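Participant: I'd like to ask you about the structure that follows.
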Amino acid sequence: MSSTTKTAGDQTTSSAVVIFVNRRRFEVKLGVTGAGIAALLGVPAENAVVEIEAGEGAPTELVLDAPVTLAPGQQFLVTRQYVMGGSMAGERA
């Protein structure tokens, strides 16, 4: 296993799927959530935006606590929410 490959769980099984997150290869188990995908890169769920790249259209944002339907080779983009001045963007006191 290379340093850029991680497995969700203790070992790779036949239910593992290879996906790409920010152009890095990972093996994950079926039923992984958006938060689980963000965790592969060390991004906490409360600060993550996980999008799925689907063809020519704009990426689609995923719900973080719901299982993701996976296909081999699928591409995901994980970014951090923009934080300015200690508060989340869009929050006003």
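The values are calculated or read from the model by the stated rules, or taken from the named source; none is laboratory data. On a predicted model such as this, the values are computed, not experimentally measured, just so you know. No Cβ is skipped: glycine too gets one built from the backbone with ideal geometry, and neighbour counts run over all protein chains shown.
Participant: Among the residues of the stretch 29-46 satisfying the criterion of being in contact (Cβ under 8 Å) with a residue 12 or more places away in the chain and part of a helix (DSSP H, G or I), which is surrounded by the most Cβ atoms within 10 Å (Cβ to Cβ)?
Facilitator: Across the stretch 29-46, the extreme among qualifying residues is Ile37.
Participant: While we're on this one: Considering only residues of the stretch 47-59 that are in a loop (DSSP other than H, G, I, E, B) and either touching a His at 6+ places or on another chain (Cβ under 8 Å) or among the acidic types (Asp, Glu) (or both), which is farthest from Gln81 (Cα to Cα)?
Facilitator: Residues of the stretch 47-59 that are in a loop (DSSP other than H, G, I, E, B), as a first pass: 53-59.
With either touching a His at 6+ places or on another chain (Cβ under 8 Å) or among the acidic types (Asp, Glu) (or both) added as a condition, the list becomes 53, 56.
Details: Glu53: 18, Glu56: 24 Å.
So, considering only residues that are in a loop (DSSP other than H, G, I, E, B) and either touching a His at 6+ places or on another chain (Cβ under 8 Å) or among the acidic types (Asp, Glu) (or both), the one farthest from Gln81 (Cα to Cα) is Glu56.
Participant: Which members of the stretch 37-76 meet the condition of being in contact with a Ser or Thr (Cβ under 7 Å, 6 or more places away or on another chain) and among the hydrophobic types (A, V, I, L, M, F, W, C)? Let's see the steps before the verdict.
Facilitator: Residues of the stretch 37-76 that are in contact with a Ser or Thr (Cβ under 7 Å, 6 or more places away or on another chain), as a first pass: 49, 51-52, 54, 64-68.
Residues satisfying the conditions are Val49, Ile52, Ala54, Leu64, Ala66, Val68.
Participant: Within the stretch 14-46, count every residue that is among the small types (Gly, Ala, Ser), more than 17 Å from Arg80 (Cβ to Cβ) and in contact with a Leu (Cβ under 9 Å, 6 or more places away or on another chain).
Facilitator: Step one: list which residues in the stretch 14-46 are among the small types (Gly, Ala, Ser), which gives 14-16, 31, 34-36, 38-39, 42, 45.
Remaining after also requiring more than 17 Å from Arg80 (Cβ to Cβ): 14-16, 31.
With the extra rule that they be in contact with a Leu (Cβ under 9 Å, 6 or more places away or on another chain), the set shrinks to 15-16, 31.
Residues flagged as among the small types (Gly, Ala, Ser), more than 17 Å from Arg80 (Cβ to Cβ) and in contact with a Leu (Cβ under 9 Å, 6 or more places away or on another chain) within the stretch 14-46 amount to 3.
Participant: With respect to Ala48, is the statement that it is aliphatic (A, V, I, L, M) and either at pLDDT below 95 or touching a strand residue (DSSP E or B) at 6+ places or on another chain (Cβ under 7 Å) (or both) true?
Facilitator: Values: aliphatic (A, V, I, L, M): yes; either at pLDDT below 95 or touching a strand residue (DSSP E or B) at 6+ places or on another chain (Cβ under 7 Å) (or both): yes.
When the stated conditions are applied, Ala48 passes them.
Participant: So which pairs qualify, if the first residue must be in the stretch 49-78 and in contact (Cβ under 8 Å) with a residue 40 or more places away in the chain, the second must be of a type in the set (A, V, I, L, M) and outside any strand (DSSP E or B), the Cβ gap must be under 6 Å, and the two must be at least 6 apart or on different chains?
Facilitator: Taking only residues 6 or more apart or on different chains, the pairs are Phe76/Ile37; Val78/Ala38; Val78/Leu41; Val78/Val43.
Participant: Please determine whether any residue of the stretch 79-93 is closer than 22 Å to Phe20 by Cβ, modelled with pLDDT under 95 and among the aliphatic types (A, V, I, L, M).
Facilitator: No - not one qualifying residue is present in the stretch 79-93.
Participant: Return the residues of the stretch 13-28 that are over 19 Å from Thr60 (Cα atoms) and outside any strand (DSSP E or B); say none if nothing qualifies.
Facilitator: Of everything in the stretch 13-28, those that are over 19 Å from Thr60 (Cα atoms) and outside any strand (DSSP E or B) turn out to be Thr13, Ser14, Ser15.
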